[in-house]
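Participant: Mind having a look at this structure? Questions to follow.
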Amino acid sequence: MTTPLLPETPLLDKANDLPLLKRTQQWAQVNSGTTNLDGLKTIAGYLVDAFAVLPGKIELVKPAPVNAVRSDGSLDQVQRGQHLLGIIRPDAPVRILLTGHMDTVFAADHPFQNLEWIEEGVLNGPGVADMKGGLSVMLGALQLLEQSDYSSRIGYDIMINSDEEVGSASSAALIEQCARNKAAALTYEPALPDGTLAGERGGSGNFSIIFTGKSAHAGRNPDEGRNALIAAADMALRLKAMHREGLSVNPAKIEGGGPNNAVPDHAILRVNFRPKSLPDQEEAQNTLDKLITIIASDHDVTVRCHGGFGRPPKPVDAQAQKLFHLVKSCGADLGLEINWRGTGGVCDGNNIAACGVPVVDTMGVRGGAIHSAEEFLITDSLIERTQLSALTIMRIAAKGGL
Ligand SMILES: [Zn+2]
């Protein structure tokens with residue numbers, strides 16, 4: 001693929017010489033489901049080796065501890081893989097953040113493990129688009145940058161986490177730390193098959209609400225009991241009543257209860273909120289807090305709430321618009337039409353935007369059917385998107401910012 005004649009053309013054409021597809025295939029052949037710690041260790045090793053071609057420090061860092069609420073209400077520490085952190089030219093005049101994830105949604109025992117050509121130029125395989133291909137594009141763009149005179153004018157951090165597909169709880173603090181003082185961020189989630197990028201994104205919050213009542217015999221002294229299951233059910237109904245345009249509320253599961261002859265003293269309600277905007281998120285949190293007090297008092301039970309809005313809504317503000325327009329104009333120079341539209345999905349772009357850093361979070365390959373066994377990568381997009389990213393980064397370097 002030869003790009004239209006730009007000052008950067010000879011440099012961008014070097015994308016043809018990079019092993020973009022080969023390493024995508026190598027990485028996608030390693031199962032790295034979020035819970036597969038062995039697989040994550042293998043892929044993390046491959047990534048460290050591959051990214052070591054960049055000048056700077058590339059290392060693996062420990063995941064932050066994460067607790068999950070077990071069905072009996074106790075807390076369980078969840079095991080996660082290490083995250084990759086790269087710091088290149090920390091003293092450069094302008095610095096950006098590049099992020100991706102090494103985990104996939106396909107567990108070690110999932111039947112979808114192999115790569116297969118659907119047709120020429122379309123590769124089917126776990127994580128080929130989401131996002132082993134995107135990681136290859138990210139590295140490719142940085143390899144082009146490093147061969148250019150622009151490299152001395154820009155520095156960057158690279159963050160590749162191991163838990164994006166389950167909400168990034170063990171990497172959220174790392175993302176926040178990396179986003180600090182960055183002019184912009186690029187995240188390598190896949191674009192749509194026609195190249196459309198994701199614009200604004202709603203947020204997502206998961207909660208486990210634990211109800212503790214008082215057990216009693218259903219025949220002898222039922223009125224002395226405090227029914228935790230009924231309290232949880234009442235809560236589920238009241239939460240669902242908050243559901244409206246701009247705030248989706250999904251009570252998903254009630255666990256607990258006990259035998260028919262006893263008043264149940266334990267229940268857990270799991271619920272997911274999807275606020276469209278930050279005010280929607282605040283309203284959801286306030287109403288949830290109030291309902292907890294009301295339910296505790298109405299049912300005379302103790303209510304404890306775990307969780308939070310791990311993915312805040314990502315609006316497209318003026319700075320983000322500027323970054324989108326930069327990507328669009330780089331695309332136009334390369335003969336690509338770049339558009340974007342809002343989506344209900346969430347990703348690390350949500351967390352980066354919440355730090356006040358403009359982000360385009362679908363700089364990865366063109367592909368589709370992600371999170372399914374039909375996942376595919378359009379292989380022509382590897383070179384195309386590498387050039388798009390490289391040019392975008394070079395323009396940020398040239399301008400000293402957005
Ligand atoms: Zn992804």
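The values are calculated or read from the model by the stated rules, or taken from the named source; none is laboratory data. Just so it is clear, the structure is predicted and the values come from calculations on it, not from any experiment. A quick note on method: Cβ atoms are made from the backbone with ideal geometry, for glycine too, and the neighbour counts reach across all protein chains shown. Heavy atoms of the whole protein, side chains included, go into the accessibility calculation; ligands, DNA and RNA do not. Shrake-Rupley method; radii C 1.70, N 1.55, O 1.52, S 1.80 Å.
Participant: Looking only at residues in region 367-388 that are closer than 13 Å to residue 330 by Cα and away from the ligand (no atom under 16 Å from the Cβ), which one is surrounded by the fewest Cβ atoms within 10 Å (Cβ to Cβ)?
Facilitator: This residue is 384.
Participant: OK, next. Which of the residues spanning region 179-199 are more than 16 Å from the ligand (Cβ to nearest atom) and crowded, with 18+ Cβ neighbours inside 10 Å?
Facilitator: Correct list: 179, 182, 183, 184, 195, 199.
Participant: Quick check on residue 15: is it more than 23 Å from the chain's Cα centre (by Cα), in a helix (DSSP H, G or I) and either within 30 Å of residue 150 (Cβ to Cβ) or in contact (Cβ under 8 Å) with a residue 24 or more places away in the chain (or both)?
Facilitator: Judged against the criteria, residue 15 is a match.
Participant: If you don't mind, another one. Among the residues of region 113-125, which ones are open to solvent by 10 Å² or more (accessible area, probe 1.4 Å), out of contact with any Gly (no Cβ under 8 Å at 6 or more places or on another chain) and in contact (Cβ under 8 Å) with a residue 24 or more places away in the chain?
Facilitator: Step one: list which residues in region 113-125 are open to solvent by 10 Å² or more (accessible area, probe 1.4 Å), which gives 113-122, 124.
Next, only the ones that are out of contact with any Gly (no Cβ under 8 Å at 6 or more places or on another chain) stay: 113, 117-122, 124.
Correct list: 113, 118, 121, 122, 124.
Participant: Any residue in region 73-101 that is over 16 Å from residue 52 (Cβ atoms) and open to solvent by less than 20 Å² (accessible area, probe 1.4 Å) sitting within a Cβ distance under 6 Å of a residue that is among the charged types (D, E, K, R) and at pLDDT 95 or above? List the pairs, counting only those 6 or more apart or interchain.
Facilitator: What qualifies is 96/182; 97/157; 97/182; 99/348; 101/164.
Participant: Which residue pairs have Cβ atoms under 8 Å apart, sit 6 or more places apart or on different chains, and have a first residue in region 327-349 that is in contact (Cβ under 8 Å) with a residue 40 or more places away in the chain and in a strand (DSSP E or B) and a second that is basic (Lys, Arg) and open to solvent by less than 60 Å² (accessible area, probe 1.4 Å)?
Facilitator: Pairs that qualify, where the first residue is in contact (Cβ under 8 Å) with a residue 40 or more places away in the chain and in a strand (DSSP E or B) and the partner is basic (Lys, Arg) and open to solvent by less than 60 Å² (accessible area, probe 1.4 Å), are 342/201; 343/201.
Participant: With respect to residue 267, is the statement that it is farther than 20 Å from residue 72 by Cα and crowded, with 17+ Cβ neighbours inside 10 Å true?
Facilitator: Considered against the rule, which asks whether it is farther than 20 Å from residue 72 by Cα and crowded, with 17+ Cβ neighbours inside 10 Å, residue 267 comes out as no.
Participant: Ok, one more. Residue under question is residue 224, and the condition is that it be within 16 Å of the ligand (Cβ to nearest atom), open to solvent by 20 Å² or more (accessible area, probe 1.4 Å) and among the charged types (D, E, K, R); does it hold? Can you show your working first?
Facilitator: Details: within 16 Å of the ligand (Cβ to nearest atom): no; open to solvent by 20 Å² or more (accessible area, probe 1.4 Å): yes; among the charged types (D, E, K, R): yes.
When the stated conditions are applied, residue 224 does not pass them.
Participant: What's the number of the only condition in (1) under 13 Å from residue 372 (Cα atoms); (2) of a type in the set (Phe, Trp, Tyr); (3) part of a strand (DSSP E or B) that residue 117 fails to meet?
Facilitator: Of the numbered conditions (1) under 13 Å from residue 372 (Cα atoms); (2) of a type in the set (Phe, Trp, Tyr); (3) part of a strand (DSSP E or B), the odd one out for residue 117 is (1).
Participant: Given the conditions (1) assigned to a helix (DSSP H, G or I); (2) of a type in the set (Val, Ile, Thr); (3) more than 19 Å from residue 8 (Cα to Cα); (4) open to solvent by less than 40 Å² (accessible area, probe 1.4 Å), report the number of the one that residue 293 does not fulfil.
Facilitator: (4)
To keep it simple, each residue is scored yes or no on (1) buried (at least 18 other Cβ atoms within 10 Å of the Cβ); (2) basic (Lys, Arg).
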residue: 281; (1), (2): yes, no
residue: 288; (1), (2): yes, no
residue: 304; (1), (2): no, yes
residue: 310; (1), (2): no, no
residue: 319; (1), (2): no, no
residue: 338; (1), (2): yes, no
residue: 348; (1), (2): yes, no
residue: 362; (1), (2): yes, no
residue: 365; (1), (2): yes, no
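Participant: Suppose the filter is of a type in the set (S, T, N, Q) and at pLDDT below 95; does residue 343 pass it?
Facilitator: In short, yes.
Participant: State which residue is nearest to residue 121 (Cα to Cα) when the search covers only region 1-34 and only residues that are of a type in the set (Val, Ile, Thr) and surrounded by fewer than 18 Cβ atoms within 10 Å (Cβ to Cβ).
Facilitator: Only one residue tops the list, namely 2.
Participant: Can you pull out the residues in region 35-50 that are under 19 Å from the mean Cα position of the chain (by Cα), assigned to a helix (DSSP H, G or I) and surrounded by fewer than 20 Cβ atoms within 10 Å (Cβ to Cβ)?
Facilitator: 37
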